[in-house]
1. What pairs come up if the first residue lies in the range 19-47 and is under 18 Å from ALA72 (Cα atoms) and surrounded by 15 or more Cβ atoms within 10 Å (Cβ to Cβ), the second is at pLDDT 75 or above and aromatic (Phe, Trp, Tyr), and their beta carbons are under 6 Å apart, counting only those six or more places apart or on different chains?
2. Are any residues in the range 61-77 open to solvent by 80 Å² or more (accessible area, probe 1.4 Å) and assigned to a loop (DSSP other than H, G, I, E, B), and if so, which ones?
Amino acid sequence: MKPMLKIAALLVFGLTLAGCSDSSNNRGQGLKISVDFTTFVQNEIQRTADDREPVNINNLEFSFNDQDNEQAFDNLF
């Protein structure tokens, strides 16, 4: 159970980092929207489908409100 949580968190974190910069290492200058990381991951896992389009995370700024909560994702797995 915990390895899947770690893998899911690392995947989302990696995608977030990849979306934060472009090839010239410039960050986007647009409006940033603050999103709770736990809520975002839970919503994305619930809406998983084989034919679903990727979520644009370029203008999202994640807050890590559950970083000390080891049970933050227990309801997913």
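The values are calculated or read from the model by the stated rules, or taken from the named source; none is laboratory data. Nothing here was measured: the structure is a model prediction, and the numbers come from that model. Methodologically, a virtual Cβ is constructed for each residue, glycine included, from the backbone with ideal geometry; neighbour enumeration extends over all protein chains shown. The protein model used for the area step is the full one, side chains on, heavy atoms only, and it has no ligands, DNA or RNA in it. Shrake-Rupley method; radii C 1.70, N 1.55, O 1.52, S 1.80 Å.
1. Here the result reads VAL35/PHE62; PHE37/PHE62; PHE37/PHE64, each pair linking the range 19-47 to a residue that is at pLDDT 75 or above and aromatic (Phe, Trp, Tyr).
2. First, the residues of the range 61-77 that are open to solvent by 80 Å² or more (accessible area, probe 1.4 Å): 61, 64-65, 67-68, 70-71, 75.
Result: PHE64, ASN65, GLN67, ASP68, GLU70, GLN71, ASN75.
Table: residues versus (1) assigned to a loop (DSSP other than H, G, I, E, B); (2) modelled with pLDDT under 80.
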{"site": "PRO3", "(1), (2)": "no, yes"}
{"site": "ILE7", "(1), (2)": "no, yes"}
{"site": "GLY14", "(1), (2)": "no, yes"}
{"site": "ALA18", "(1), (2)": "no, yes"}
{"site": "LEU31", "(1), (2)": "yes, yes"}
{"site": "PHE40", "(1), (2)": "no, no"}
{"site": "ASN43", "(1), (2)": "no, no"}
{"site": "ASP51", "(1), (2)": "yes, no"}
{"site": "ASN56", "(1), (2)": "yes, no"}
